[in-house]
Amino acid sequence: MQTKITIIGAGAAGLFCAGLLGQQGHDVTVIDNGKKLGRKILMSGGGKCNFTNLNVEANHYISENRHFCKSALKRFSQWDFIQLVNQYGIAYHEKDHGQLFCDNSAQDIVDILVKECQKGQVKFMLKTQLEDVNEEQQGFKLSTSQGCVYTDKLIVATGGQSMPALGMTAIGYKIAEKFSIPVVPVKAGLVPFTLHKPLLAVLSTLAGIALSVEVSNERISFKENLLFTHRGLSGPAILQISSYWQAGEAITINLLPDFNFEDDFKPLLDNNRNQSLKNCLAQILPKRLIEALIQLNLIVDLTVKQLTPTQQQALYQTLTTWNVIPNGTEGYRTAEVTLGGVSCDALSSKTMVAQKQPNLYFIGEVVDVAGWLGGYNFQWAWSSAFACAQAL
Ligand code: FDA
């Protein structure tokens with residue numbers, strides 16, 4: 001089979017790029033190993049797809065080349081995608097931090113992408129696994145589970161490694177390496193932490209408890225919810241910091257992000273002098289969490305009036321700078337994104353083409369650009385797809 005443009009991956013980036021290219025009059029074929037289009041979109045945002053964010057900025061993305069994403073994000077911004085969503089009359093709402101979700105279902109976003117592809121007469125080869133790519137005199141020979149496909153131009157939109165159960169493969173990185181394009185080492189991002197056994201034994205009893213915290217390390221901090229789970233720590237605050245975490249490093253959890261010592265914490269203690277510390281703190285933190293902190297010897301359960309001013313300060317310090325060293329992360333099984341990928345330095349930020357391989361393009365999550373939680377990863381998929389389509 002011979003095609004002009006082949007896109008590998010019918011995810012957010014591949015489908016959006018295919019629709020644009022088809023409507024520009026190109027002959028486009030999309031190959032995907034799954035049965036359905038846009039499978040990750042369908043399970044995103046709890047089934048409601050957090051399709052973009054009102055506050056898209058380059059510093060909400062992680063990459064070895066932090067400037068790379070700027071050009072594409074500028075040329076196809078969140079407002080452009082919102083316009084498309086409006087054009088299709090899809091109802092959506094804003095959640096915390098500018099996150100936009102479908103009111104109805106993530107299927108609405110897949111339907112938009114499929115209709116855009118239909119308008120452009122895009123062809124699909126589903127249940128087709130790409131196994132290898134070789135350079136031909138003009139273009140590439142693709143070896144797939146359904147035979148060979150010859151294509152003039154190849155767009156790699158194979159995503160990251162998260163959710164391996166969905167059929168994710170490392171083929172995108174292998175293609176890059178085959179053409180001497182560097183790949184930044186990959187690891188799971190936006191992923192829950194696991195804990196060392198002794199700490200897990202205590203904290204797993206808190207599974208299901210969520211509270212607003214500020215989590216930080218030396219590089220960044222996030223004020224969001226933390227969720228205790230049977231396996232460790234999760235919730236938006238943890239997912240966000242996981243993308244900035246190095247193995248072995250501690251994270252610092254401020255359990256009282258809205259409490260100031262003089263104005264809030266000391267008056268609380270002074271007004272409850274005859275109570276046990278446990279009961280006093282239960283006014284501002286879940287009681288089971290306080291019991292866990294006592295069990296971990298981080299707090300001594302005295303009567304409040306027994307605390308000296310220095311001990312009051314120390315208690316506040318303990319609650320606002322709780323250092324936890326995660327055992328690791330849950331890995332790709334539950335990660336929302338893959339950090340690392342095809343090196344931005346080897347690609348054009350304007351067109352996504354490989355600098356040394358004029359007919360080879362990389363878009364979406366396979367590239368070393370990973371967004372924060374909150375619709376940033378889909379926006380990168382739309383923006384990078386648009387940049388690529390404009391170039392062809
Ligand atoms: P994507 O992974 O979507 O698509 C790649 C496609 O290539 C897949 O269909 C795959 O099967 C196919 N493929 C791979 N190897 C192949 C091969 N060898 N042969 C053929 N086909 C192959 N982001 C966000 O902004 N808002 C959100 O709400 C969420 N929610 C969310 C929930 C969950 C559970 C996850 C795991 C992730 C998210 N994300 C998210 C992240 C977001 O889903 C992700 O960044 C984009 O889907 C990436 O889009 P791509 O098109 O780059 O890859």
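The values are calculated or read from the model by the stated rules, or taken from the named source; none is laboratory data. Remember, it's a predicted structure, so these values are computed and weren't measured experimentally. When we count neighbours, we look across all protein chains shown, and the Cβ atoms used for this are built from the backbone with ideal geometry, even at glycine.
Answer yes or no as to whether T52 is near the ligand (Cβ under 9 Å from one of its atoms) and of a type in the set (S, T, Y). Even if it seems obvious, please write down each step before you answer.
Values: near the ligand (Cβ under 9 Å from one of its atoms): yes; of a type in the set (S, T, Y): yes.
Taking the combined requirement at face value, the residue satisfies it.
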_surrounded by 14 or more Cβ atoms within 10 Å (Cβ to Cβ), within 16 Å of the ligand (Cβ to nearest atom) and not aliphatic (A, V, I, L, M): which single residue out of E336, E291 fits that description?_
E336
_Any strands (runs of 3 or more DSSP E) falling wholly within segment 1-120 and containing at least 2 residues that are surrounded by 16 or more Cβ atoms within 10 Å (Cβ to Cβ)_ = 2-8, 28-31, 50-53, 99-102
*Restricting attention to segment 360-380, which residues are farther than 13 Å from E336 by Cβ and of a type in the set (S, T, N, Q)?*
Q379
*Starting from residues that are under 14 Å from A157 (Cα atoms) and of a type outside the set (V, I, T), keep the ones in segment 348-358 and report whichever is nearest to the ligand (Cβ to nearest atom).*
M352
*State yes or no: is G341 part of a strand (DSSP E or B), under 20 Å from H60 (Cβ atoms), within 16 Å of the ligand (Cβ to nearest atom) and touching a helix residue (DSSP H, G or I) at 6+ places or on another chain (Cβ under 9 Å)?*
yes
*Within the bounds of segment 166-185, is there any residue that is under 27 Å from L285 (Cα atoms) and either modelled with pLDDT under 95 or buried (at least 20 other Cβ atoms within 10 Å of the Cβ) (or both)?*
no
*What residue, among those in segment 137-165 that are within 11 Å of the ligand (Cβ to nearest atom) and surrounded by fewer than 20 Cβ atoms within 10 Å (Cβ to Cβ), is nearest to the chain's Cα centre (by Cα)?*
M163
*Between residues in segment 344-367 that are closer than 23 Å to S162 by Cα and residues that are of a type in the set (D, E) and assigned to a loop (DSSP other than H, G, I, E, B), which pairs lie under 6 Å by C-beta distance while being six or more apart or on different chains?*
C344/D368
*When you go through (1) under 20 Å from G375 (Cα atoms); (2) touching a helix residue (DSSP H, G or I) at 6+ places or on another chain (Cβ under 9 Å); (3) not acidic (D, E) one by one for F124, which number turns out not to apply?*
(1)
